[in-house]
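Undergrad: Just dropping this structure here.
The values are calculated or read from the model by the stated rules, or taken from the named source; none is laboratory data. Since the structure is predicted, the reported quantities are computational estimates derived from the model, not experimental observations. Reconstructed Cβ throughout: ideal geometry from the backbone, glycine too, with neighbour counts over all protein chains shown.
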């Protein structure tokens, strides 16, 4: 009898389990699911970072009916890269200088603004503009990483600070531009600054208190230790004992993360080296772990489970900080939990995310530095002629990469990944006399020779010879399905939706929608501001919206395009039948050369050129040419020239982002840079410069044109 009763009990238990698994959702459960689908609560909408919206009210047939629902000026004129977060009908957006805006997601009415008051002089430590990619929102709090290295918890309701911690030393050239992530009650944040000489790491803080829980350093501080955690012993074996330890070695975690709650693995992308030149950085070679790697960590402890290095011995600024996407794909006849990435180096990787096993790696853009990736070893097969250890070379992709920070997306409906890709090349000039110096641009390139090679043609080269693409990649077949060729050098993030649409910023300040299966453009709106940030989609009261933050900037917007308007940032939101009038762009006022016409020593000009490319180029551009977002020193007003040393050394404009360089430059150095700037301001325009107006909206000019 006991056996029968036990059997009946097992049957009843089994029946209950089946019922619970197959029963329809309760009203409360269904409401919660619908709310989650209607919101954009996380950086990639979900922890797998697919950037796919399950909303389908806007679809291929009715997308031409999209109209602007509302827009809000951000009060900025610099780069905007943020992903808006939408929770409980409130949208949270970050702008330049790490400022936050909270507003009604249906109407655009402001709730509050928060300014962390980042000191203007900190802009000196940024390679790529004072941008920010967004906040994290959880349990009534908004978490923000600031450009000067703080992590701040704000009240989601009022914007008032709850706690604040410093995650990086203020006096070192660290920055934060990436969005925090929330995982298991922890706030995860990385940092940037490798080009200037820092040591990379990712940190986890208690969400309630801000207390540091763990920190994972991506590179060792020395060959023999002591090492902060055991993984660094493994890493140290891959570095030369004569490595330039004072450089920090780089490996900053400045962007991508994802989390698999079932495997309980946190995935982190690691960046480039502090000194690009491999033989200078680590004489004698070595893989230099964990540069340009994907790390799988336990989120509770920060301990490493597995790693995969995309570019061993990284020497081309080929970061692996690009967007990470988790998905389940059928590969080789069985379902695999995979991680996908299209890093800078030009190969699209599919890894088993439980083990780190490489499943595929194929070129998604043109690649010259390696012939292929060996699936047996997981290593790229490098071309010896691509190395610049002891010679000059040209490589594809360039330092901008085949794909940069601009997020890609994955549609489980089509099975495609949509990649904002870049086709370009870059010359590396070997500098045998390079010596590391803190807080300057420490790539170990001979930037002076690079400047001489491109001066006079820099506007043409930077404006048009970095053509971008939107491509659909089949990660199972490991091949491109379709692509849309761009006529702009400014990439933009991507959104995929269940309406079988792909949204992306396009030429001339457009937001465009494409058929997710064919790439045919179905709709475009031109709000008058260039877009590089990724769009999102959400729903309120049964109505679907598409939103994006518009404003050019970053390294691409600052130097690779020409901006003739005032670049006034906006939050833009569309819906079906939207009727708001489109905001018009305002032309940038013309400026004339205000440099004094004085006799210049060519030796002094040459010396000033070298100093300029070590300290000034990141903001003021190649050949003293800015896109218009940053001060174009060729058209500086006479009072700027009169106050030159007060500005460069005295810091009289540091509140506006122009820091003092008195710690690095002498009066003689500042005057030499001034001489170079004046020489560039008075240079006669040549054929390349006259063509810029036409070329900035067309494909890369054929090489035969440049030969003339």
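Undergrad: Which one of these is touching a helix residue (DSSP H, G or I) at 6+ places or on another chain (Cβ under 9 Å) and at pLDDT 95 or above: 347, 316?
TA: Of the residues listed, the single one that is touching a helix residue (DSSP H, G or I) at 6+ places or on another chain (Cβ under 9 Å) and at pLDDT 95 or above is 316.
Undergrad: Something else: Out of the stretch 106-116, which residues are within 25 Å of the chain's Cα centre (by Cα) and part of a loop (DSSP other than H, G, I, E, B)?
TA: Passing the criteria: 115, 116.
Undergrad: How many residues does the stretch 636-678 hold that are farther than 27 Å from residue 172 by Cα, in contact (Cβ under 8 Å) with a residue 40 or more places away in the chain and surrounded by fewer than 16 Cβ atoms within 10 Å (Cβ to Cβ)?
TA: 2
Undergrad: To continue, here is another question. Determine if the stretch 87-99 includes at least one residue that is buried (at least 20 other Cβ atoms within 10 Å of the Cβ), outside any helix (DSSP H, G or I) and touching a helix residue (DSSP H, G or I) at 6+ places or on another chain (Cβ under 8 Å).
TA: no
Undergrad: Please specify each residue of the stretch 424-436 satisfying the condition of being part of a loop (DSSP other than H, G, I, E, B) and within 27 Å of the chain's Cα centre (by Cα).
TA: Within the stretch 424-436, 424, 425, 429, 436 qualify.
Undergrad: Can you pull out the residues in the stretch 437-463 that are under 25 Å from the mean Cα position of the chain (by Cα), in a loop (DSSP other than H, G, I, E, B) and modelled with pLDDT of 75 or more?
TA: 438, 440, 441, 442, 443, 444
Undergrad: What do you reckon, is residue 629 assigned to a loop (DSSP other than H, G, I, E, B) and either buried (at least 17 other Cβ atoms within 10 Å of the Cβ) or modelled with pLDDT of 90 or more (or both)?
TA: yes
Undergrad: Kindly provide the set of residues from the stretch 211-234 that are crowded, with 21+ Cβ neighbours inside 10 Å and over 23 Å from residue 283 (Cβ atoms), ordered by number.
TA: Within the stretch 211-234, 216, 231 meet the criteria.
Undergrad: Which number in (1) in contact with a helix residue (DSSP H, G or I) (Cβ under 8 Å, 6 or more places away or on another chain); (2) part of a helix (DSSP H, G or I) marks the one condition that residue 221 misses?
TA: It fails just one condition, (2).
Undergrad: Could you list, in sequence order, the residues of the stretch 124-147 that are under 20 Å from residue 654 (Cβ atoms) and over 17 Å from the mean Cα position of the chain (by Cα)?
TA: 124
Undergrad: I'm trying to understand the selection: among the residues of the stretch 368-386, which are crowded, with 18+ Cβ neighbours inside 10 Å and in contact with a helix residue (DSSP H, G or I) (Cβ under 9 Å, 6 or more places away or on another chain)?
TA: 369, 370
Residues checked against (1) free of Cβ contacts under 8 Å to residues at least 40 places away in the same chain; (2) under 26 Å from the mean Cα position of the chain (by Cα); (3) within 20 Å of residue 294 (Cα to Cα):
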site	(1), (2), (3)
308	no, yes, yes
333	yes, no, no
338	no, yes, yes
372	yes, yes, yes
395	no, yes, no
